[in-house]
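Chemist: The structure that follows is given in the form of structure tokens.
All of the numbers you see were taken from the coordinates with simple rules; none came from a lab. A quick note: this is a predicted structure, and the numbers were derived from the prediction, not measured. Every residue, glycine as well, gets a Cβ built from its backbone with ideal geometry; the counts of neighbours run over all protein chains shown.
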Amino acid sequence: MPLVECVPNFSEGRDRAVIAAIRDAIAATDGAYVLDVSSDASHNRSVITFVASLESAVPAALAAMRVARDRIDLTQQSGAHPRIGATDVVPFIPLDGATMDDCVALARALGERAYRELGIPVYLYERAATTPARTNLAEVRRGQFEGLRAEVRTNPLRRPDFGDAALHPTAGATAVGARPFLVAYNIYLGDKANMPVARAVAKAVRFSSGGLPYVKALAMEVDGQAQVSMNLVDTDQTPLHVVYDAVRAEAAKHDVAPTWSELIGLMPERVLLEAGAHHVRLRGYHPGMVLEHRLREVMHDHTVDGFLATVAAPTPTPGGGSAAAHVAALGAALTQMVAGLTAGRAQFADVNEEMHHIVAEADRLRTQLSALMRRDAASFEAVRVAYRLPHESDEQRALRATAIRQALIHAAEVPLETARAAVEVAVLAAAVAERGNRNAVADAGVAALLAEAACRAAALNVRLNVASLDDVATQRGAELASEAHKLLEAASMHARLAEASASP
């Protein structure tokens, strides 16, 4: 089942009853699960992290927005953190089986319903933005509630994507978006007397001022402390420890040292583990050194056995498409292994950055392909359901034909996604075969061959499904088949390159 993460921010960090009511509204929604609640009295802000199915994400967020509208009055609210609404921001982040396009669709659906049902105007930001000017959340939030409330009446450029030229009188507006995973991270620099230092440090590290890529930063006074408040929008490109080291180095120029740091919400496990390994100078670190990681791998082996048994069972699903995704996932895992055996080693220092990037990309592809295993089985089931629809009358026959057509197209699109991912695996495998650890070059070659085989199998599934389409969908079927053919050519080319690099 595809999942998304949602991390709404609310302009209340002091009233525990209000925060609990918002949390409970999310938790009461079927298919939504609250993972974390982080509140800060000085910021007067709460961040709630929950995961949900595609069907449940919007209802859960809407339920929370309703409580916030009824119980938070921005005309009486103040805090250190910028805000435009009682529910200030609602970002959707793709997780297992979901895509950024799914999250953009959720953002737009929530925006429409929030205004129609709650009277809250909505601005779309980040990947859901309708104009380049609203990609940056800071620009959407410029002027905060008070400034936006006045400007929206006279400036057409500040008009919300959903709603009229006026904010809700007490709940303001909400920024709703779709974005990759973000880590909210704050570093404190001691007493508020160090605020000038905090401002200088924030300017030095934020990307918009020429600092670290994928880092947003500003200085705040919180509880009498000087704080550098940051959003790390891509920890693969700029890891947590790099950010901390940069802040520490900049502060040291002013004879100031960090006193402590804090996380708002959640972060991926690997981010913290990599920061710890860096701090203790752990040579050759890789996730396999972690006990819990190895336990999960062992437990996953049993899951693999279960998958093989399910494939062997005399049932239509999971079938060839799921098997193709599984094979491509194995190729991604091998690629990740070889890159991990290369990164951080002195003799491969010239490709260290590239190998770290490949580790992250292979891990992403492995997760994506694992989700495609399930999605392929589900898409075939949808075809079976469509063929079983009644077709006695003309109307029933027309509805059935449309349902079959849509199901077949989707059943071709899913293995096409597998083929695209398999090509990505082949590209990475060829890179590690050529420039990675020579002691594992055979594994890189096998990874590329698995990716090629997976792409070939997925392309076959695409062709078989489009072959069953009726005349109405001929053009779409031809487009899908053509792309599958091109993908197979690309996978084969990179597999040959990997083979050549791996040959003795």
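Chemist: With the contact rule set at Cα under 8 Å and sequence spacing of 6 or more, what percent relative contact order holds for the chain?
Modeler: Worked out over the chain, it gives 10 percent.
Chemist: Once the cut-off is 21 Å, how many percent of the Cα-Cα pairs in region 3-178 end up in the long-distance tail?
Modeler: Roughly 41 percent, rounded to a whole number.
Chemist: Debye sum, Cα scatterers, the chain, no solvent: what log₁₀ I/I(0) at q = 0.08, 0.10, 0.11 1/Å?
Modeler: Result of the Debye calculation: -0.61, -0.92, -1.08.
Chemist: I'm a student and want to see the number: the projected area of the Cα convex hull of region 33-113, averaged over all directions, in nm².
Modeler: 5.8
Chemist: Hey, what number do you get for the chain at 222 nm if only DSSP H runs of n ≥ 4 count, each worth -39500 (n - 2.57), divided across all residues, to the nearest 500?
Modeler: One gets -18500 deg cm²/dmol as the mean residue ellipticity at 222 nm.
Chemist: Out of region 129-187, which trypsin sites (Lys or Arg not before Pro) are coil in DSSP terms and have no more than 16 other C-beta atoms within 10 Å?
Modeler: Arg142, Arg153
Chemist: Taking amide H positions as placed 1.01 Å from N in the peptide plane, with prolines and chain starts having none, which residues 5 or more places from Ala128, or on another chain, fall under 5 Å of its amide H?
Modeler: Under 5 Å from the amide H of Ala128 lie the amide H atoms of Ala178, each far enough along the sequence or on another chain.
Chemist: Among the aspartates and glutamates, which fall within straight-line cross-link reach of Lys192, defined as a Cα-Cα distance under 18 Å, with same-chain neighbours fewer than 8 residues apart omitted?
Modeler: Partners found: Asp40, Glu221, Asp223, Glu250, Asp255, Glu262.
Chemist: If each residue's Cβ is checked for other Cβ atoms within 10 Å, how do Ser322, Ser78 rank with the fewest at the top?
Modeler: Ranking Ser322, Ser78 by Cβ neighbours within 10 Å, fewest first, gives Ser78, Ser322.
Chemist: Straight-line reach from Lys216: which lysines fall under 18 Å, measuring Cα to Cα and dropping same-chain residues less than 8 apart?
Modeler: Excluding near neighbours in sequence, the set is Lys203.
Chemist: Same structure, new question: Quick one: if you take sqrt(5λ) for each eigenvalue of the C-alpha gyration tensor of region 287-502, what semi-axes come out, biggest first, whole angstrom?
Modeler: Details: eigenvalues 282, 77, 28 Å².
Each semi-axis is √(5λ); the values are 38, 20, 12 Å.
Chemist: Which cross-chain or sequence-distant (5 or more) residues have an amide H under 5 Å from the amide H of Glu12, H modelled 1.01 Å from N in plane?
Modeler: It is Arg45, Ser46, by chain and number.
Chemist: Give the aspartates and glutamates reachable from Lys486 as a straight Cα distance under 14 Å; neighbours fewer than 8 places away on the same chain don't count.
Modeler: Hits, sequence-local ones excluded: Glu417, Glu424, Glu452.
Chemist: Which order results if Val140, Val280 are arranged by neighbouring Cβ count within 10 Å, fewest first?
Modeler: Final ranking by Cβ density, sparse to dense: Val280, Val140.
Chemist: Check every DSSP H run in the chain and write down those whose alpha carbon atoms cover 20 angstrom or more along the long axis and whose mean Kyte-Doolittle hydropathy is 0.0 or greater.
Modeler: Span-like helices here: 57-71, 320-342, 394-435, 441-467.
Chemist: Using amide H atoms built 1.01 Å from N in the peptide plane, name the residues 5+ places from Phe162, or on other chains, whose amide H lies under 5 Å from its own.
Modeler: Under 5 Å from the amide H of Phe162 lie the amide H atoms of Val122, each far enough along the sequence or on another chain.
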